[in-house]
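Just so it is clear, none of the values below were taken in a lab; they were calculated from the coordinates. Only a predicted model underlies this, so the values are computations on that prediction, with no experimental measurement involved. So basically every Cβ, Gly included, is an ideal-geometry build from the backbone, and we count neighbours across all protein chains shown.
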Amino acid sequence: MTELLDAHLVVERPGFTLDLPLTAAPGEVVALLGPNGAGKTTALRALAGLLPLHGGHVTIGGRRLDDPDTGRFVAAEKRSIGVVFQDYLLFPHLTALDNVAFGPRCRGVSRQRARADAAGWLDRVGLAEHARRRPRQLSGGQAQRVALARALAVRPDLLLLDEPLAALDARTRLDTRVHLHRHLAEHPGATVLITHDPLDAMVLADRLVIVEQGRVVQSGDAATVTTRPRTDYVARLVGLNLYRGRADGTTVELAGGFRLATAEPQHGEVFVAFRPSAVALYPRQPDGSPRNTWPATIVAVAPSGDNLRIELAGPIPLAADVTPAAAAHLNLTPGARVWAALKATETTTYPA
Amino acid sequence: MPPTSTKTAGAGPVAHLRRGRPRRGSARVPVVLAVPALLGLGFLVLPLAGLLIRTPWSSLPQRLTAPGVLEALRLSLVTATAATLLCLLLGVPLAWLLARTTFPGRRLVRALVTVPLVLPPVVGGVALLLVFGRRGLIGGWLDETFGITLPFTTTGVVLAEAFVAMPFLVIAVEGALRGADARYEEAAATLGAGRWTAFRRVTLPLVAPGIAAGAVLCWARALGEFGATITFAGNFPGRTQTMPLAVYLALEQDLEAAIVLSLVLLVVSVAILASLRDRWITTP
Amino acid sequence: MRGRRWTLSVAVGALLLATAGCGGGDDDPRPGADGSPGAVTGSVTVLAAASLTESFTRIGADFEAANPGVTVTFSFAGSSQLAQQITAGAPADVFAAASPATMKTVTDAGDNAAEPQVFVSNQLVIAVAKGDPKGITGLADLTKPDTKVALCAEQVPCGAAAKTALDAAGSALTPVTLEQDVKQALSKVRLGEVDAALVYRTDARAAAADVDGIEFPESAGAVNDYPIVALKQAPNSAGAAAFVAYVLGDKARAVLVEAGFQAP
């Protein structure tokens with residue numbers, strides 16, 4: 001088995017049971033994506049050894065660390081892991097240097113060598129001149145990098161990151177994401193990263209695992225998952241309109257009998273997805289090339305980047321993107337009745 | 001608000017603009033709080049002032065150098081410090097047990113730990129005699145096997161003081177531990193620290209101010225202990241006669257001698273307590 | 001408004017009437033010698049040396065029986081502590097001390113209503129655990145190694161007497177503790193914490209169930225005379241005088257002698 005991490009995480013939670021098979025190869029970055037309460041943090045804590053499994057197993061590097069069937073449980077301090085917590089948890093009474101040196105020192109390295117090693121790591125994350133600072137004197141971005149250096153300093157087989165960029169403001173997040181991508185690429189072990197930001201997942205991860213209600217609902221590389229979502233959650237996350245129906249050639253019948261004309265012929269249960277920017281709105285029924293037109297009522301209007309996202313109700317609920325000028329011109333306000341038009345060529349259809 | 005035209009004597013050109021605006025400064029204390037606070041302060045400080053006023057200043061030098069005085073002071077300071085060290089040694093792990101572990105009967109244990117607080121000290125002394133006395137449960141065995149007796153010894157004084165002062169330490173440290181974030185210990189575990197290493201290198205430094213505050217309370221209580229000491233350890237100059245005992249005995253014979261002894265104890269205690277820096281005993 | 005003020009004045013008036021009766025001893029009592037019946041009323045507060053605990057409690061009960069309408073309250077402690085309380089203004093009627101020296105503190109301060117009178121005297125014995133397990137027979141045995149002895153502090157009459165006796169015997173005794181009053185010293189023997197204590201004969205007799213009292217000849221040279229006096233600041237001066245007279249009378253003396261005191 002070439003997998004460095006081989007796990008099947010089964011944990012009883014109030015409300016649902018987490019049942020998550022998870023593997024990762026050396027150097028691979030796997031992102032766990034999912035709504036709040038899906039069980040992602042539980043999975044991370046189980047991998048770290050902070051939470052025992054109720055079923056399944058955790059194996060890292062061929063070494064079984066948690067196996068409820070045989071009763072084997074290796075505590076966190078004995079596992080080859082490194083964790084970057086959501087709020088970093090840098091030890092307040094130690095300098096950045098001593099924080100990073102903490103792990104190696106626990107493993108028996110002398111203070112001098114550990115500090116030299118730590119200085120090297122801080123240099124790699126670009127914080128060499130902040131080595132003597134205390135955590136409360138560091139900015140959010142700096143603290144995040146120290147936390148990363150601290151986790152990497154123990155040279156873990158498995159690196160775990162819990163929402164590593166969540167606590168940062170948008171500007172810092174951009175820079176830090178780039179840095180993080182570089183360090184994760186250099187890390188020889190496996191990495192499991194929890195995030196709710198699809199951009200983080202797409203930039204940092206090789207593979208995405210979507211978790212909802214404790215179960216894997218979709219798994220694959222970033223490109224596939226984000227263009228062919230299989231759940232509402234992902235669709236909403238990446239900003240796509242997603243529907244499930246029965247295809248017969250290039251016609252798909254959705255729930256409620258509504259028919260969509262699509263581009264790729266398919267047969268059987270399918271997903272249909274299209275971008276909000278693919279939807280055009282008209283004051284009257286248009287007569288043109290779009291195969292799909294239907295009457296709809298505007299429910300809400302919200303800003304989305306430089307444009308406006310219009311939530312529509314009708315035979316199918318959907319979101320449409322228009323420019324502010326167009327919205328003003330057409331007087332698009334909640335309650336207004338419009339006609340929506342969708343080109344079949346703008347749709348993606350794939351088997352469910 | 002338009003400026004009024006009436007002038008008060010000596011008012012400057014802008015004084016009439018200031019009138020009528022409420023002044024809000026950080027020094028302003030509501031009267032409802034200030035009055036009881038001052039009364040409370042007076043209640044605590046006036047008896048001490050009374051001591052100072054009635055001190056026989058003229059005969060102070062020779063009274064201070066009287067044989068028993070320095071001896072009792074030395075004994076008090078030594079035993080209070082030893083008692084505090086004993087409380088730290090036993091109390092910090094106990095506080096950790098109460099704060100960080102769960103076991104059946106934990107609430108009962110916590111209640112028992114605070115019993116010396118409500119027990120009259122003399123009763124504590126009697127209880128200590130029943131256990132550590134010459135015919136006590138443990139004391140008897142100590143006497144037979146090792147020839148060790150605890151009553152009427154300086155060690156006995158340390159034990160009596162530790163008994164009454166330990167609850168202060170345990171409660172303060174337990175509170176500090178509960179307030180400390182247990183997740184730091186988790187972070188330490190993920191970095192490879194076992195429970196003892198995590199306690200030593202992460203938890204202890206984080207709760208050090210709380211421990212220090214508890215130790216100060218403990219020391220102050222031990223210094224002032226009277227009832228348990230005199231009942232368990234008895235009264236003998238140089239060996240078991242601490243300052244509180246000396247004061248009590250002096251009171252029967254010579255009020256002025258008692259005042260001098262009280263003054264000495266007061267000055268030493270205030271000096272030590274006032275020299276403690278705020279940042280040593282408050283969490284950042 | 002009128003109604004409220006009226007209620008207030010009624011309340012204040014009632015309070016005044018109630019407190020007026022709390023002084024005690026307002027009635028004019030006729031002191032009777034030897035506790036003749038119907039002589040005194042009110043309450044009498046007596047501060048007495050610890051060694052008088054058992055005997056005075058009995059005497060108090062007898063006095064109350066002889067004088068219905070009187071309640072006697074006792075406070076037993078070391079004589080020096082009681083003297084201190086009196087000179088600080090404690091509201092007591094009678095003071096019975098275990099030595100002339102402690103009584104002198106009170107008379108020097110002028111707190112006595114009349115001349116103190118000696119009513120009994122007391123001698124020291126060596127109190128040991130019942131059965132005398134260590135085989136102590138006299139003062140010389142107290143200085144044996146491994147023998148723990150409790151004494152009263154010198155300020156207390158019992159301690160002063162012990163010192164006199166020990167000095168006279170030329171003893172090099174070092175006690176393990178100097179107790180506040182004689183009952184404390186005795187309790188150390190009863191608890192088994194010390195092997196012996198120098199206490200009064202009366203104390204050893206009162207605790208005869210737990211201790212044995214060993215006579216020693218040197219005690220004759222350190223006899224304590226017990227004076228008693230009514231106090232000047234007594235709230236119930238007639239009651240005070242009556243009690244003092246009763247204690248000096250025959251009935252009380254019988255009780256005291258039975259307890260082990262010596263007639264003066």
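Before moving on, here are some points about what is shown:
- Listed cross-link partners C:LYS183/C:LYS232; C:LYS148/C:LYS183; C:LYS130/C:LYS188; C:LYS163/C:LYS183; C:LYS134/C:LYS183 are compared with a 19 Å cut-off, the Cα-Cα value being larger for C:LYS183/C:LYS232; C:LYS134/C:LYS183.
- The residue among A:THR172, A:PRO156, A:GLN266 whose Cα reaches farthest toward the positive pole of the charge dipole of segment A:117-268, with charges on the beta-carbon of Lys, Arg, Asp and Glu, is A:THR172.
- The label-point distance for A:ARG215 and A:ALA352, in a model that sets each label 7 Å from Cα toward Cβ, rounds to 1.4 nm.
- Of B:THR242, B:THR102, B:THR154, the one that fluctuates the most in a GNM where chain B has Cα springs shorter than 10 Å: B:THR102
- Over the residues of chain C, the helix contribution to mean residue ellipticity at 222 nm works out to -12000 deg cm²/dmol, using -39500 (n - 2.57) for each DSSP H run of at least 4.
- Most mobile listed residue (A:THR251, A:THR70, A:THR172) in chain A, GNM with C-alpha springs under 10 Å: A:THR70
- Rg/Rh for the protein assembly as shown (Cα atoms only, Rh after Kirkwood) is 1.20.
- The phi torsions of segment A:94-104, fed into the Karplus equation with coefficients 6.51, -1.76 and 1.60 and a -60° offset, translate into couplings of 10, 6, 4, 4, 5, 4, 5, 6, 4, x, x Hz, rounded to whole numbers, with Gly and Pro shown as x.
- With Cα atoms, 0 to 90° folded angle of helix B:31-54 axis to chain B main axis: 50
- For segment C:86-199, convex hull volume per residue from C-alpha positions, Å³: 127
- Among C:GLY239, C:GLY69, C:GLY135: highest mean-square fluctuation, GNM of chain C, C-alpha pairs under 10 Å: C:GLY135
- FRET efficiency, A:PHE73 to A:ARG155 (Cβ-Cβ, R0 25 Å, nearest 0.05): 0.60
- Length added when fully stretched, A:SER289-A:ALA25, from 0.36 nm per residue minus Cα-Cα: 90.2 nm
- Difference of contour (0.36 nm per residue) and Cα-Cα distance, C:ASP132 to C:ALA65: 20.2 nm
- Classification of chain B by its C-alpha gyration tensor yields an oblate form. The axis ratio a/c (a ≥ b ≥ c) is 1.5 or more, and b/c is at least a/b.
- The B:VAL109 and B:TRP196 beta-carbon pair, evaluated with R₀ = 25 Å, returns a calculated FRET efficiency of approximately 0.70.
- Computed label-point distance, nm, for sites B:SER58 and B:ALA182 using a 7 Å Cα→Cβ extension: 6.7
- The alpha carbon convex hull volume per residue for chain C rounds to 156 Å³.
- Derived scalar couplings ³J(HN,Hα) [segment B:182-190; Karplus, 6.51 cos²θ - 1.76 cosθ + 1.60; whole Hz; x for Gly, Pro]: 6, 6, 4, 5, 5, 4, 4, 5, 5
- Straight-line cross-link partners of C:LYS251 among the aspartates and glutamates, defined as a Cα under 16 Å from its Cα and at least 8 positions apart when in the same chain: C:ASP34, C:GLU54, C:ASP62, C:GLU64.
- Full extension of the chain segment joining A:ARG337 with A:THR250 gains 28.5 nm, where the gain is 0.36 nm per residue of separation less the Cα-Cα distance.
- Shown for C:LYS163, A:LYS40, C:LYS130: other C-beta atoms within 10 Å of each C-beta, ranked fewest to most, produce the order C:LYS130, C:LYS163, A:LYS40.
- Kirkwood-type radius of segment A:31-137, with distances r between different C-alpha atoms, in Å: 16.0
- Under-5 Å amide H pairs with A:GLU264, H placed in peptide plane, nonlocal only: A:THR349
- Built amide H within the under 5 Å cut-off of C:ASN112, gap 5+: C:LYS232
- Per-residue Cβ neighbour rank within 10 angstrom, fewest leading, B:LEU266, B:LEU206: B:LEU266, B:LEU206
- Taking a ≥ b ≥ c as the square roots of the eigenvalues of the alpha carbon gyration tensor, segment B:137-284 is oblate, as a/c is not under 1.5 and a/b does not beat b/c.
- Computed Kirkwood radius, in angstrom, where 1/r is averaged over Cα pairs of chain A: 22.8
- Ranked list, fewest to most other Cβ atoms within 10 Å of each Cβ, for A:ILE210, B:ILE138: B:ILE138, A:ILE210
- Cα shape, segment A:207-352, gyration tensor, a/c 1.5 rule: oblate
- Per residue, chain A reaches -7500 deg cm²/dmol at 222 nm when only DSSP H runs of four or more residues are counted, each adding -39500 (n - 2.57).
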